[in-house]
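Chemist: Dumping the structure here so I can ask a few things about it.
Laboratory data are not the source of any read-out in this text; all were calculated from the coordinates shown. This is a predicted model, so every value here is computed, not measured. Note that we place each Cβ from the backbone using ideal geometry, even for glycine, and neighbour counts take in every protein chain shown.
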Amino acid sequence: MSYQASIGKKLRELRISHGMTQEELAVKVGYTSRSSINKIELGYTDLPLTKIISLADALGVSPLELIFPELAALLGEHELALLLAYKANPRMQPKVDKILNVSKVDGEKSFALYSAACAPDSSSDGFEYDTNIEEKLRNAPETDETLV
C-alpha cells in the first residue's frame, strides 16, 4: 500500500467514525468540493503537511495518527505530545537529549530509552524514575557542543 493510500484509508476510517460526510470534511478544511476528499481517500493525492494538519484538526486527532497510524496506536496521547513538543522546540532538544542520555549517530539522534533516567526495578510500571530530573535540566548545557 502506498503512503498516500495509507493516509487515505485512515482518513476515511476516521471520517466515518466521526459521522462526517466527505462534503462536511471538505468544508471544514477549506476544499470547495467533496471530490477532493474522495481523491485523498482513494490515495490519488499527495498531501502537503499543512493539509494533513488541517485534516487531523478537523477530525480531532494528531497528524501523526494520519501519517503513521501504527505508531500512533503504540504510543499514548502524552507520548505523542512529547514527541511533537520535542520536534517543535529545537533549542530545548540538547537539554532533553542530555537528560535522556541521547547520543548522535551519523547526524541522527539515537534514543537510548533504557538510559532515560530510569533503571529496571519492581515498581508498578517496571521502572524507577530519577528524581533529579529537574536538577539535570538546570545543569544541562545550552547547546549540544558540550555533549559527548
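Chemist: Cut-off 16 Å, label point 7 angstrom out along Cα-to-Cβ of Met1: give me the residues of the stretch 31-75 whose amide nitrogen falls inside.
Modeler: Label zone hits: 40-45, 64-74.
Chemist: List, in order, the whole-Hz ³J(HN,Hα) value for each residue of the stretch 59-73 obtained from phi through the Karplus relation with A = 6.51, B = -1.76, C = 1.60 and θ = phi - 60°; use x for Gly and Pro.
Modeler: For the stretch 59-73, the Karplus curve yields 9, x, 10, 6, x, 4, 5, 6, 7, 10, x, 5, 5, 4, 5 Hz.
Chemist: Restricting to Cα pairs below 8 Å that are 6+ residues apart, what does the relative contact order work out to for the stretch 1-104? Please round to a whole percent.
Modeler: 23 percent.
Chemist: 7 Å from Cα along Cα→Cβ at both Ser17 and Ala73: what's the point-to-point distance in nm?
Modeler: 1.0 nm
Chemist: Run the simple label-point estimate for Lys9 and Glu24 please: 7 Å along Cα→C-beta, distance reported in nm.
Modeler: The answer from the label model is 2.5 nm.
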